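The values are calculated or read from the model by the stated rules, or taken from the named source; none is laboratory data. These numbers come from a predicted model, not from an experiment. All Cβ positions, glycine included, derive from the backbone under ideal geometry; neighbour counts span all protein chains shown. Note: areas computed on protein heavy atoms with side chains; ligands, DNA, RNA excluded. Shrake-Rupley method; radii C 1.70, N 1.55, O 1.52, S 1.80 Å.
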Amino acid sequence: MQIIANKNPSAPVGVFDSGIGGLTVARAISDLLPDEKLIYFGDTAHMPYGNKSAQLVSGFALRISDFLLREMQCKAVVIACNTASAAAYTLLRDKYEGAAPVINVIDPMVEAVIADDAVKKVGIIGTLTTISSGVYTEKLARRKPSLKYAALATPLLASLIEEGYHHTGEIRSILKQYLSHPSFEDIDALVLACTHYPIIKDEIAECFNRPVKIFDSALVVAQRLKEILTIEKLLTDKRQGDDVFYVSDLTDSFRLNARIFFNRDVDLLLHPV
Ligand code: DGL
């Protein structure tokens with residue numbers, strides 16, 4: 001079934017992730033574009049994405065994007081998840097070409113890293129599926145061959161964050177083990193290639209006893225969305241109601257985390273995918 005393009009600037013922007021990670025991106029979008037209404041989808045029933053095959057994650061991403069574009073009549077979709085961006089961006093971009101812009105979290109991050117001339121060697125941490133896709137290292141190597149890099153899968157982090165272990169000794173000790181990997185010894189920058197990780201940015205920074213510039217996707221993705229909406233003449237200056245939050249399973253952890261995140265109770269709607 002063909003998607004009928006919603007070219008109305010007052011239509012909402014769809015944002016999705018496996019869980020709370022994409023809220024880091026949603027918050028940055030709301031800060032930069034306060035008039036844009038967001039429809040957030042947390043695929044809590046299938047969290048974590050990071051240890052699932054790219055094929056399976058692509059299926060989830062397709063169903064969620066269809067829900068956001070067809071049923072919710074969104075004007076654009078932000079894949080606020082590195083794993084889903086690595087697995088499904090090309091598929092979604094091609095499927096909705098001409099109907100709705102699809103924004104991924106990887107390309108704006110790559111652009112931010114290569115634009116920074118002070119960065120000589122960058123570490124990349126993300127889920128197993130993101131790191132094993134090689135998408136960051138391929139794009140960075142292609143765009144800036146002189147840049148050195150080291151990529152490391154840190155598979156335990158997203159689930160620990162989702163379960164509320166943000167600022168605990170457990171996460172600090174796991175981070176210490178991951179980030180003391182020999183290939184990270186001489187990095188001067190670190191890419192948080194998972195949208196859950198900005199939630200533990202301070203704990204990550206504490207692991208280094210030297211300055212390491214930390215790149216997270218939230219702001220650069222919000223800026224990219226603004227550029228695209230501007231080009232497509234889809235930017236609005238009239239807000240149409242509050243943001244709406246959907247989850248594929250009503251979990252206490254999502255509810256609790258959303259409350260911590262937004263400093264208020266957030267109504268969650270259930271929509272299994
Ligand atoms: N927040 C996600 C990412 O950026 C996914 C984490 C997960 O579900 O494993 O990769």
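Some points to look at:
- Rounded to 5, percent antiparallel among DSSP beta bridges of the chain: 0 percent
- Surface accessible to a 1.4 Å probe, ASP252 within the full protein complex, Å²: 120 Å²
- A helix-only calculation puts the chain at -12000 deg cm²/dmol for mean residue ellipticity at 222 nm, using -39500 (n - 2.57) for each DSSP H run of at least four residues, averaged over all residues.
- Remark: the chain carries a charge dipole of roughly 560 debye about the Cα centre, counting +1 on each Lys and Arg Cβ and -1 on each Asp and Glu Cβ.
- Here's the picture: charge each Lys and Arg Cβ at +1 and each Asp and Glu Cβ at -1 in the chain, and of TYR40, THR137, SER217 the one pushed furthest to the positive end of that dipole is THR137.
- Between the amide H of TYR246 and those of TYR40, PHE41, GLY42, LEU269, distances stay under 5 Å, these residues lying 5 or more places away or on another chain, with hydrogens modeled in the peptide plane.
- Computed lengthening from ALA205 to ARG172, 0.36 nm per intervening residue step minus Cα-Cα distance: 10.8 nm
- ASP116 accessible area, assembled protein chains, probe 1.4 Å, Å²: 30 Å²
- Here is the size of region 68-221 from its Cα atoms: Rg then Dmax, 16.0, 49 Å.
- The separation of region 36-53 from region 131-161, counted between C-alpha centres, amounts to 20 Å.
- With the charge dipole of the chain set up from +1 on Lys and Arg Cβ and -1 on Asp and Glu Cβ about the Cα centre, the Cα lying farthest toward the positive end among the listed residues LEU23, PHE208, SER58 is that of SER58.
- Take every Cα pair under 8 Å whose residues are at least 6 apart in sequence, average their separation, divide by the length of region 57-168, and the relative contact order is 22 percent.
- Sites PHE262 and ASP186, calculated FRET efficiency, Cβ-Cβ separation with R0 35 Å, nearest 0.05: 0.35
- Only alpha carbons enter this Debye calculation for region 1-141, each as an equal point scatterer, and the log10 of I(q)/I(0) it gives at q = 0.16, 0.17, 0.20 Å⁻¹ is -0.84, -0.94, -1.23.
- Shape summary of the chain, radius of gyration then Dmax from alpha carbon positions: 17.8, 55 Å.
- Length-normalised contact order of the chain in % [C-alpha pairs under 8 Å, at least 6 apart]: 28 percent
- The HN-Hα couplings worked out from phi for region 116-130 by the Karplus form 6.51 cos²θ - 1.76 cosθ + 1.60 (θ = phi - 60°) are 9, 5, 6, 7, 10, 9, 10, x, 10, 10, x, 6, 4, 5, 5 Hz, whole numbers, x standing for Gly and Pro.
- For LYS37, the solvent-accessible surface with a 1.4 Å probe is about 50 Å², rounded to the nearest 10.
- Annotation for ARG142 and LYS121: the two label points, set 7 Å from Cα along the Cα-Cβ direction, are 2.6 nm apart.
- Listed by chain and number, the lysines whose C-alpha is less than 25 Å from the C-alpha of LYS139, apart from same-chain residues fewer than 8 away, are LYS52, LYS95, LYS120, LYS121, LYS148, LYS201, LYS213, LYS226.
- Across the protein chains, with a 1.4 Å probe defining accessible surface, the residues LYS7, LYS148, LYS75 rank LYS148, LYS7, LYS75 from largest area downward.
- Using only alpha-carbon positions in region 91-148, the gyration tensor eigenvalues give semi-axes of 25, 14, 9 Å once each is multiplied by 5 and square-rooted (largest first).
- For region 144-273, the Kirkwood hydrodynamic radius comes to 17.6 Å, computed from all pairs of different C-alpha atoms.
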